[in-house]
Amino acid sequence: MKLRDFILRRVLLAIPVIFGVLTITWFLSYVVGDPLAMFITERTNPAAIPGIIQDHGFNEPLVIQYFLYLRTLLAGDWGVSYSTGGDLPVLTVIARKFPATIELAIVAMVFAVILGVPLGILSATRKDKPIDHFTRVFSLAGVSMPIFWFALLLKYVLFYQFSVWGLPYLPSGDRVDNELWKTVLHNGVGYDFTSSITGFVLVDSLLYGQPILFGDAVLHLIMPGFCLGYLTLAIITRMMRSSMLEVMKEDYITLARSKGLTERIVIYRHALRNALIPTVTVIGLAFGGLMSGAVLTETIFNWPGLGRWATQAILVSDMAAINGFVLLVAFIFVSANLIVDLTYGALDPRIRYG
Amino acid sequence: MTVRGDNGNDQGEQESIVVPGLVHRVFPSLHIVLCLAAISLGAAYLVGNFVAWFANSFMHELGFQLPSLLIGWPLQALLLVVIGYMNLKSGRAISRGDAWAYSSSLYMNAVTGVILLTIGPLGLLPAVGVFALVLALFAPSVKSYWYREFREDMGPRGKELRFSFHLLRRSPLVIVGILIVAGYISVAFLAPWITPYGPEERIWNDANLAPGTPAGEAKANSLILFSNYSADISIYPEYTRGEVQVGPEEVTTSLPPIIAFSGYVRDTGNDNLTNVLVHTAVYKLNLTTFDSLSPSLRELYLVKSVEKAMLSRPNIEVNNSPSTYVWVVWFVASNKTVPWIVDTVVTLDYNRYYPIHYWGTDNSGGDIYSRIIWAAQVDLRVSLSVVLVALASGALIGAASGYFGGKLDEMVMRITDIFFAFPGLILAMAIVMALGTRNLENISYALMITWWPVYARVVRGQVLSEREKLYVEAARSIGASDSRILLSHIIPNTIQPLIVQATMDTGGVLLTAAGLSFIGFGSAAGTAEWGLMISQGQYYLLNYPWECMFPGVAILMIALALNLVGDGIRDILDPKLRRRG
Amino acid sequence: MSQSQDLVLSIKGLTTNFYTYEGVVKALDGIELSLKRGDTMGVVGETGCGKSVTAKCVLRLIEPPGRIDGGQILFYDRDPKTGETQETDIVQLTPLEMLSIRGNRIAIVFQDPATYPNPVFRIGAQIAEVVTLHQDLGREALEVRIKELEESLKNSPSPEHQAKIREQIEHYVSMLENPPKPDRKYARKAAWAKAVDMLRLVRMPSPDQIANQYPHELSGGMRQRALIAMALACNPSILICDEATTALDVTVQAQVLNLLNILKKEIGASILIITHDLGVVAETCNSVTVMYAGTTVESAGTKQLFENPVHPYTIGLLTAIPKLHENKERLDQIPGTVPNLINPPTGCRFHPRCAFATDICVSDRPSLEEVLPGHYVACHHPQGNL
């Protein structure tokens, strides 16, 4: 009952932010930029241009344009992206590319959480020991790493040099080995949006019942996933370390020690639960970093997701695609933080009822 | 010292002291005059900027031109107005006899002076006055008046500062970070002297060379001895000649100097059958001796001569020791009826050497070492200007929001919420896209717009928490003025987190700017900029990995160093971590 | 002090230092203290005199940069079954051995009920945790299981089923004498039941409900009671109350003190009350130890000490208490301030503030001597009626 109110309140709080996001993208693309560019391509019939202007109300006052913009967006008309081959509606492109990016982001997040939380704990509990110094440098490097360069470095070492040295090497890019998929599935196209079931390659390969394809998908995910997750990993490690150090100085830890609990239980039961609370917030914020990172990583690993679509769109000034991408990322970011807020409530009883 | 009884102003029951002496009577009025000057200058700049912008955007056809003296950086103008206003208040406090106001005017005058110096020629005169005022504060009779109180006020802070330095000395990583940052900054400044090549200089023959390979072409300092482009027939058959003295400064490398000729002849009419010979020669003589000798005797001193038809570009080596030479160019044709176009350049290339491409060359023959060092200028400038502007504007907005609270605060916070709904790189991307042109300036503007909410949040939070703190309440209850509370309590406590945030953000902004540049938002191809260098090197990654590895290391190192410093300073300033062990 | 048979805690020459940037803080310098079995002793002194540090030393909870540098903390633990007394020196114990004493044989209640309970766990779980940790819940778990079976017996539909359950009950009853290691599920239930019992013991209204609540949902006084319940859950030999009532308002403070007085009789633990409030001492303790700047200055029965204080510091402390029937313009105070423990005064640490100080006070450290029966004082010039 109370939990429902809490969720409702958080969701309502997100609505003005979403409106703000819409306003900013509108301002950028309609007031500062050239809105016509979104609806006109080189293949557009010049005679149709006045019609387009009329349809989208570009001759109307700005206030009316703003409401028209909101109406078209809500009606599902996000413009046409001409950087994708055929002039496809932006929403269609997003629907096709979204799973690839989300899958990569989830894998990166899993990498980051699975490695980051234990590393942070280890670093905090062995403060000023060699492992702490190593972890701090490792995580500092993650925060300072130009992600696009790190991707190139990984590719050079794990793909090229390993193959030169005759070691087993990771694939240099792409989501799957398409030839392998063609042979296994006998469908002639391999893996693309027509042959996928859910859009998530890990899930699809299991749905097809082909462990070899699953293995192939995993191999392709390791390098981009780690590369994308490294920044998040570093942020989580640092946050975990500092909040753990903070929590270890709290009075309730002294109380837990005075009960005669072993240091292990004091750390993993009493301190960890409290230290996780700020870390969870950081995870939500890090999702934005993942989206930014996807733009850079996907290009390098030839990952057919939103990020690579956005970079291609940038190169040819495909305004509709950029606008749609920015809007979508902001929505994802806002909802990720909403989810985190809710998790936060579950972790910390003081918030839930506060 | 006597206690003034009739102190019926807003200072309440604060004990004030009657100011003795002439200096103390002149000082406040001079102070107030200079403050007013600074404020009006700032305001004039603000108005001037606005008018200039207005004129540029709307009145272009009218040919309206504003005196360029009044166009400056709006931020400085804004700061001048704000600080000037606060300074004016402390000037009034001085005239009331508040000893503390002297020390507050010390800071504010110093800051005002620096801003005035940067604003342009108009600011010079007030700046001199302001600095004179600062110096006057240390005149013995004035100093004795306020300095003891100031020492007592600052004493504990000085102790804290010394303790901070003690902690700093004990954290080697922070020191390493500071050294690296200092190294980058000095390297950026020294770029012209420590790089063999310019930022966009290319040796096409040297493309894709591995690190450590010597250059294929020698690098030299050049001195143009003669340059002529003419359609004049009178050149024929005379000599064009000149003297060149090779001094000891010009033979400091192991390669001898050369005298390089470029003689090019094109006829302008129907003499196309004419075969013009370009004669070039160098003699080891001085000009007077050369002129006095007969042609056959001159041949005894000939270093080398070259004859070629129509186009001749010989490089004639001379001895690698100081001496005097005469160079000669003349054109010989069998017959001639129309003027020729003759293009002649003679240069002395001295101090020649083969540079080593320490970090290899890129695909178009640019020296990676030189380019990385030149790029430090570009990248550091972008990130520093972004952080400074974002910090100044964010801090102003945040401070106002925190200090005044209410509707303003609510509005500012909602706006920052919206900005925080975008990941930094992606909002910046959208802004650059909307701005239209892709260059580093637009990247900078986009990042400034993206980054200010961070500082607004930090400062607002600090101001809010400081405002509620007991010591501020206490200061207020004994009648301290707003500006005094702001200066002695709120600003010092807000500056610390700001410094930390700004240090770490400089790295973050640098990474984001490089990222934007990498995906194609940066300057034109060929600019020396780390992100762009990596972007261009990525296509040659497998064969020539150094082309993108070295710029990446450069980014990583500076970002790492900035993070180390920021992290370290935060730990040092954190009161919770301070008193341990 | 003579070592008598009925002592439960005896601290001898305890020295604890904190190694900080400013220098070595000599927080405790030769503390002497003995607590008799079943006694309630008050430890009083000004803020910063080392009371809380002493308490933390007894539980070995001193963390770096602090370190116990000398002395003994002798703990005479009586086995509840055999009645044998065993002497252990807490300073010499390994951290692992210490775990079985902390919270089990010696428990502590801390000052601030707002920050000490863990905010993310339910009250019941926090009490049950210490029960599961230190107690072999074999028998209790079996009892819970039998009770559950008896419940299901009542609701059981068929006679065959009932017979089956009866058989099970008999099986478990036979095991009661020699209980095996408890099943996890039932141990948890038994511990929870015990936690509810403890909450009932500390006079908590509706303990079942409270056990299911989080600390932030309780008032300060209730939280402090929950902490006391937590401390008493394993029937400790010694209960240390480290300023346990300081953060509470006066009415709640009185309730908690009352509770302690009652509980002492019910559970038979010796209690060490650390406080700067002499009123609390007068109300609850039978003996008092006075500390000053890391040293013990006086130790006696409460009545004795209040009526006939001997050490000049104690005299000053007692005259500083405002009294209702006196009508004074200004309260009495001890001149000077608490010394800096990095460079403490030589000799007697109180000499700079003492009206009776002579040269010997500056040069020699007085030792704790028995001046009257059961009345110990560390002073070269003891005052009062000797």
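The values are calculated or read from the model by the stated rules, or taken from the named source; none is laboratory data. Given the structure is predicted, the values throughout are model-derived calculations rather than measurements. Note that each Cβ is placed from the backbone with ideal geometry, even for glycine, and that neighbours are counted across all protein chains shown. Note: areas computed on protein heavy atoms with side chains; ligands, DNA, RNA excluded. Shrake-Rupley method; radii C 1.70, N 1.55, O 1.52, S 1.80 Å.
Under the classification rounded if a/c is under 1.5, otherwise prolate if a/b is larger than b/c and oblate if not, where does chain A fall, given a ≥ b ≥ c as square roots of the Cα gyration tensor eigenvalues?
oblate
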- For C:Val43, residues with placed amide H under 5 Å, excluding near neighbours: C:Ile273, C:Ile274, C:Thr275, C:Thr289
- Under 5 Å, built H, 5+ apart or other chain: amide partners of C:Leu7: C:Arg37
- Item | In degrees, nearest ten, helix A:2-26 long axis to first principal axis of chain A (Cα) | 40
- B:Ser29 versus A:Val63, label points 7 Å from Cα toward the beta carbon: distance in nm? 5.5
- Could I have the simple spin-label model distance between B:Asn228 and C:Ile360, label points 7 Å from Cα toward Cβ, reported in nm to one decimal? 11.7
- In Å², nearest 10: area of B:Lys284 left accessible to a 1.4 Å probe: 90
- Item | Between 0 and 90°, nearest 10: helix C:123-134 axis offset from chain C longest Cα axis | 90
- Computed FRET efficiency, Cβ-Cβ of C:Leu153 and A:Leu207, R0 51 Å: what is it to the nearest 0.05? 0.50
- Query: If one takes the longest principal axis of the Cα atoms in chain A, at what angle in degrees, from 0 to 90 and to the nearest 10, does the Cα axis of helix A:319-347 lie?
  - Reply: 30
- Item | Around C:Pro157: net Lys/Arg minus Asp/Glu count, Cβ-Cβ under 15 Å | +1
- Rounded if a/c under 1.5, otherwise prolate or oblate - the range C:1-146, Cα gyration tensor axes: oblate
- Task: With unit charges on the beta carbon (Lys/Arg positive, Asp/Glu negative), name the residue among A:Gln312, A:Ile102, A:Leu12 whose Cα is farthest towards the positive pole of the charge dipole of chain A.
- Result: A:Leu12
- Please go through the residue pairs C:Lys36/C:Lys56; C:Lys181/C:Lys264; C:Lys26/C:Lys56; A:Lys249/B:Lys159; B:Lys89/B:Lys407; C:Lys147/C:Lys194 and name each one whose alpha carbons sit more than 21 Å apart in this structure. C:Lys181/C:Lys264; A:Lys249/B:Lys159; B:Lys89/B:Lys407
- Note on the structure: Scalar couplings 3J(HN,Hα) for the range B:192-209 by Karplus 6.51 cos²θ - 1.76 cosθ + 1.60 (θ = phi - 60°), nearest whole Hz, x for Gly and Pro, are x, 8, 10, 10, x, 10, x, x, 10, 7, 10, 10, 4, 6, 9, 4, 6, 7
- Taking the dipole of the protein assembly as shown about the Cα centre (Lys, Arg +1; Asp, Glu -1; charges at Cβ), the one of A:Ser292, B:Gly84, C:Gly71 that reaches farthest to the positive side is C:Gly71
- Task: Report the extension gain between C:Asp332 and C:Leu176 in nm, rounded to one decimal, defined as 0.36 nm multiplied by the number of residues separating them, less their alpha carbon distance.
- Result: 49.8 nm
- Query: Just the accessible area for B:Met411, please: 1.4 Å probe, Å², rounded to the nearest 10?
  - Reply: 110
- Relative to the present Cα-Cα distance, how much length would full extension add between B:Glu149 and B:Phe163 at 0.36 nm per residue of separation? 2.8 nm
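Using the crude model of +1 on Lys and Arg Cβ and -1 on Asp and Glu Cβ, and no other charge, please compute the dipole size for the range C:121-213 relative to its Cα centre, in debye to 20. Please report the intermediate quantities before stating the final value.
Working: 15 positive and 14 negative charges, 65 e Å.
Once rounded to the nearest 20, the dipole reads 320 debye.
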- Dipole magnitude of the protein assembly as shown, debye to nearest 20 (Cβ charges: Lys/Arg +1, Asp/Glu -1, about Cα centre): 2000
- Query: Taking chain A as a Gaussian network, where each spring joins two C-alpha atoms under 10 Å apart, which residue of A:Thr311, A:Thr299, A:Thr44 fluctuates the most?
  - Reply: A:Thr44
- Ignoring ligands, DNA and RNA, what percent of the accessible area of the range A:136-274 is carbon or sulfur (1.4 Å)? 65
- Item | Cβ-derived FRET efficiency at R0 60 Å, B:Ala43 paired with C:Arg67, nearest 0.05 | 0.40
- Query: Among C:Ala254, C:Ala195, C:Ala229, whose mean-square fluctuation peaks in a Gaussian network model of chain C (Cα, cutoff 10 Å)?
  - Reply: C:Ala254
- Can you give the accessible area per residue of the range A:1-97, in Å², using a 1.4 Å probe? 58
- Task: Normalising by the residue count of the range C:121-213, find the relative contact order in percent from Cα pairs under 8 Å and 6+ residues apart.
- Result: 51
- Item | Total accessible area lost when B and A pair, probe 1.4 Å, Å² to nearest 100 | 4000
- A:Leu185/C:Asn212 FRET efficiency (R0 51 Å; Cβ-Cβ; nearest 0.05): 0.40
- Between the modelled labels at B:Leu300 and B:Glu249 (7 Å from Cα along Cα→Cβ) the distance in nm is 3.4
- Taking amide hydrogens as modeled 1.01 Å from N in the peptide plane, which residues meet the under 5 Å criterion relative to C:Ile62, leaving out close sequence neighbours? none
- Note on the structure: GNM of chain A, Cα pairs under 10 angstrom: of A:Val329, A:Val113, A:Val164, the biggest fluctuation goes to A:Val164
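Between beta-carbons, use under 9 Å as the cut-off and find the net charge around C:Leu259, counting Lys and Arg +1, Asp and Glu -1.
My count for the surroundings of C:Leu259 gives +2.
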- Query: Which of rounded, prolate, oblate describes the protein assembly as shown, given a ≥ b ≥ c as roots of the alpha-carbon gyration tensor eigenvalues and a/c under 1.5 marking rounded, otherwise prolate only if a/b is larger than b/c?
  - Reply: prolate
- Item | Farthest positive-ward along the range C:121-213 dipole, Cα basis, beta-carbon charges - from C:Leu153, C:His171, C:Ile123 | C:Ile123
- Give, as a single signed number, the net charge of other residues whose beta carbon lies under 12 Å from the beta carbon of C:Tyr76, with Lys and Arg counted +1 and Asp and Glu -1. -2
- Computed accessible area, A:Ile197, all protein chains, 1.4 angstrom probe, square angstrom: 100
- Note on the structure: Karplus-derived 3J(HN,Hα) from phi for the range A:225-233 (6.51 cos²θ - 1.76 cosθ + 1.60, θ = phi - 60°), whole Hz, x at Gly and Pro, runs x, 5, 4, 5, x, 4, 4, 4, 4
- Message: Show me, for the range B:394-408, the HN-Hα J-couplings you get by feeding each phi into the Karplus relation (A = 6.51, B = -1.76, C = 1.60, θ = phi - 60°), rounded to Hz, glycine and proline as x.
- Response: x, 5, 4, 5, x, 5, 4, 4, x, 6, 8, x, x, 5, 4
